[in-house]
Amino acid sequence: MGGRFFVRESLALKWKREPQNFTACVVCVCDEAGDAYGTGFVVAEGIVATCAHVVEKAHGGGADGRVLIRFVSSGETRRAWVRDDCWQPVDDVAMLAFEGALPTGVQPARLCVSLGGQGREFRSFGYPRVGDVEGVWARGTVMGYVIQGGREVLQLDSKELTRGFSGAPIMLSATGHVVGMVSSVFFPGRDSPKMPHTAFAVSTETLQAVCPGLELAPLPSLPRFRVAYLAAGSLALVALLVLFLVRPWSTPAGLFLQPYQHHLLEGRDLTEVAAAGRYVWFGTRSGLVWHNVASGQTNLVSGVTDTVKAMAVSHAGSTAWFALPGGRIGCYKAGETEPEWFEPGDGKVFNTVLSIVVAPDEKTTWFGDSCNGVFCYTVEEGWSPLSASLLGTGLPPLRRVEELKPGPGNALWVDGTLFVYRLLEGQWAVFDEEGTGKKLPNSVNALLVDAHDRIWFAHDQGITVLASGADSHDAGDQVWQRCEPDGRPLPPGRALGLASSDEGRVIWIATENGLVQVNAGRAVLPEDCSRWDWGDSWPQEPELADFWEADVRLAVNEYVTQGGKRRVTAWIIKRDTDRVFCVDWQ
């Protein structure tokens, strides 16, 4: 092993990092005479990213611009031209193409998502005019997202950034990953004498939107501290490895819960979160906010100023249904001006909507009320009450609906507090553990249907699964499995939320002690929950103890990037605060 070991970051130990060559990707953008007009950086083989305004100044033109680029690492100069399909002056982005292989010592930048990068320190290298000096360094802090001219950009704090840094990469000091590109610098004047160290950058998500072939890695986590070298036979190493091995859950290196902050969420008490496709939606006590994880675009929905009581999104993620106080229902598609509003029965149908779900075929939307059961909406038939069909069936009446979930065959699953109901082709069925010697806990916090039509229940005592599937109506045919707080490797405590990815094959569980993942892809789960195929885990960090103590909500979105890779992000909010955490998983 060479006397060196890698110990995962959750134990706050890492390899000693080799010095980063921060200029290996950087180029100087010049005119035909070789005079510097800005900066750029290699983002892929044969492609350089820079600002559109840098090309315009160096060439005197726009999309047909041709410039010279000089590689910092090798000093070699090449001719470059604007790629027609990657010219976006609105976002101040231009992608340049050049011929030939990369010079020796030149490497493409390691791009990663900027999401969660607020507060990170960065370095940059650019070409301002400083006498006869050819390129200077800058450093600073990523402050967060702001809106500049109607587009979302990163705000930076740096004493060195100035004219000439336009097009320079924003490289995280700890790892060298690039989260953005410098686009403009604010110069205080008589009317705005403050904020002298403010600059702005285009995010990597925007670069990817302009050039879809670019791949973004997850944002690397920061270790709490580093231990550079450990002797291979030292007692300290042995002790640390023992701690690593006996811990019943695992955390993949580099993947940790990251705070997500945006000025549109600051000071807004969160109520709900929903996600699908490329979109994540945040319901608050004063409006609705949506975020496109691919483009980085974030917007506040116009016309929504009340508390969002419940919310659900279409399977593409671009459309959201939401409920406001007084029985008011809204439907909004990302990018449109205003929501479409519904007031069923002049506001008398609903008391307080607690759950909404969109059917897999997206032709039906179901609504669960706090007093009046279940209603559905279709374009053809409008609004219809569904709970009334329970009358005369001998089944328990359905009044309060805690949660709704769709199932295979356009089935609807309903958490009715005391019982779980299923509605399929107009027929109701009730599922509980009566007759099995186990009673389904009344405190069900969430339910979920996985890829094998098994029903998962999150409750204050842990996780219960109806492993025999939804077709086992009779108590004698039902197989229930329970993983209680002392069952390893689920961290002890309440199970607060459930979500799934990979078409229901991967289950995400939010507990009061952290986030857990289970591989539910097997046709049959082992009877002993400790032998379930537990995947990754993000245990509670000490500084997040108060986050998991209160009511949290969980949502997961996944989509395929332009490069064909699947990207999954889990989102967790703490209700009645503006705190959001997320983790990228691939």
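The values are calculated or read from the model by the stated rules, or taken from the named source; none is laboratory data. Note that this is a predicted model, so its numbers are computed, not measured. Backbone-built Cβ (ideal geometry, glycine too); neighbour counts: all protein chains shown.
For this structure, a couple of remarks:
- On the stretch given as the stretch 19-42, residues that are crowded, with 24+ Cβ neighbours inside 10 Å and of a type in the set (A, V, I, L, M) total 4.
- Hey, GLU18 at pLDDT 90 or above, of a type in the set (D, E, K, R) and either within 29 Å of THR104 (Cβ to Cβ) or in the same structural domain as VAL136 (by TED's automatic domain parsing) (or both) or not: no
- The stretch 86-136: number of residues that are under 21 Å from CYS51 (Cβ atoms) and of a type in the set (S, T, N, Q): 3
- Scan of the stretch 268-295 for residues that are among the small types (Gly, Ala, Ser) and not in a strand (DSSP E or B), ordered by number: GLY277, SER286, ALA294, SER295
- Residue within the stretch 343-356 that is modelled with pLDDT of 85 or more, in a strand (DSSP E or B) and among the β-branched types (Val, Ile, Thr) present: yes
- Some residue of the stretch 96-107 being under 30 Å from VAL583 (Cα atoms), at pLDDT 90 or above and not basic (Lys, Arg): yes
- Entirely in the stretch 498-586, the strands (runs of 3 or more DSSP E) that have 1 or more residues that are modelled with pLDDT under 85 and basic (Lys, Arg): 566-574
- Residue list for the stretch 113-135, restricted to those being in a loop (DSSP other than H, G, I, E, B) and farther than 15 Å from PHE581 by Cα: ARG120, TYR127, PRO128, ARG129, GLY131, ASP132, GLU134, GLY135
- Restricting the stretch 67-90 to residues that are of a type in the set (Lys, Arg) and surrounded by 15 or more Cβ atoms within 10 Å (Cβ to Cβ), the residue that is nearest to GLY40 (Cα to Cα): ARG70
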